[in-house]
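Chemist: I'd like to ask you about the structure that follows.
What follows is calculated from the coordinates using simple rules that are stated; it is not laboratory data. No experiment lies behind these values; they were computed from the predicted model shown. Please note: Cβ atoms are built from the backbone with ideal geometry, for glycine as well, and neighbour counts cover all protein chains shown.
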Amino acid sequence: MREFYGGDTRRAHSFHFAVLVFDVATVVFAMICGVTLFLRLAQVVFRPYKVRIPCDVCDLQRHEPDAVHCKACGNLLNIPDEGAY
Ligand SMILES: [Zn+2]
């Protein structure tokens with residue numbers, strides 16, 4: 001190593017430090033990406049297919065999350081949603 005860097009061990013050490021920082025940054029970046037993807041997957045898997053909003057007219061309990069009207073009686077529903085992503 002001493003021969004490779006022409007005897008400049010300080011430069012060799014800073015090179016190793018840079019490689020270490022790059023490695024750690026890569027691992028942290030990969031972890032953040034993985035956690036984000038996992039959370040998105042969990043969100044999709046555990047999101048209920050239907051929401052429990054009782055209809056005022058016919059008292060039907062479960063509706064599609066994006067429903068505007070009750071599918072049984074056609075009453076206008078007021079399902080709160082998070083809006084578009
Ligand atoms: Zn209804």
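Chemist: Quick check on the chain: take the gyration tensor over C-alpha atoms, sort the square-rooted eigenvalues as a ≥ b ≥ c, and tell me if it's rounded (a/c under 1.5), prolate or oblate. Please list the in-between numbers first.
Modeler: Details: a/c = 9.42, a/b = 6.52, b/c = 1.44.
Prolate shape, in that a/c is at least 1.5 and a/b is the bigger ratio.
Chemist: Report the normalised scattering of segment 1-47 as log10 I(q)/I(0) at q = 0.13 Å⁻¹, calculated by the Debye formula with identical scatterers on the alpha carbons.
Modeler: Taking Cα atoms of segment 1-47 as identical point scatterers yields -0.50.
Chemist: Counting trypsin sites (Lys or Arg not before Pro) as exposed when in a DSSP loop with at most 15 other beta carbons within 10 Å, what is the longest stretch of the chain free of them? Could the numbers behind the result be given before it?
Modeler: Numbers: sites that count: ARG2, LYS50, LYS71.
The reported range is 3-49.
Chemist: According to a simple spin-label model (label point 7 Å from Cα along Cα-to-Cβ), what is the distance in nm between PHE17 and VAL57?
Modeler: Result: 7.3 nm between the two label points.
Chemist: Related question: Relative to the Cα centre, what is the charge dipole magnitude of segment 18-68, using +1 at the beta carbon of each Lys and Arg, -1 at the beta carbon of each Asp and Glu, and rounding to the nearest 20 debye?
Modeler: So the magnitude is around 100 debye.
Chemist: Turning to a different aspect of this structure: When the dipole is taken about the Cα centre of the chain, and only Lys, Arg (+1) and Asp, Glu (-1) are charged at their Cβ, what size is it in debye, to the nearest 20?
Modeler: 240 debye
Chemist: Have a look at ALA18, ALA67, ALA30 and tell me which one the Gaussian network model of the chain (Cα, springs below 10 Å) gives the largest fluctuation.
Modeler: ALA18
Chemist: Let me know the charge dipole size of segment 1-47 about its Cα centre in debye, to the nearest 20, where only the beta-carbon of Lys, Arg (+1) and Asp, Glu (-1) is charged.
Modeler: Result for segment 1-47 is approximately 220 debye, rounded to the nearest 20.
Chemist: Can you check what the net charge comes to around ALA72, using other residues whose Cβ is under 11 Å from the Cβ of ALA72 (Lys, Arg +1; Asp, Glu -1)?
Modeler: Values: positive: ARG62, LYS71; negative: ASP59.
Residues near ALA72 contribute +1 overall.
Chemist: Next question. Which of the cysteines in the chain are isolated, no other cysteine C-beta under 4.7 Å?
Modeler: CYS33
Chemist: So which chymotrypsin sites (Phe, Trp or Tyr not before Pro) in segment 21-80 end up in coil per DSSP with only 15 or fewer other C-beta atoms within 10 Å?
Modeler: Values: sites: PHE22, PHE29, PHE38, PHE46, TYR49; in loops: TYR49.
The qualifying sites are TYR49.
Chemist: So, one more: Which of the listed residues, GLY34, HIS63, PRO80, is farthest toward the dipole's positive end in the chain, when Lys, Arg count +1 and Asp, Glu count -1 at the beta-carbon?
Modeler: Result: GLY34.
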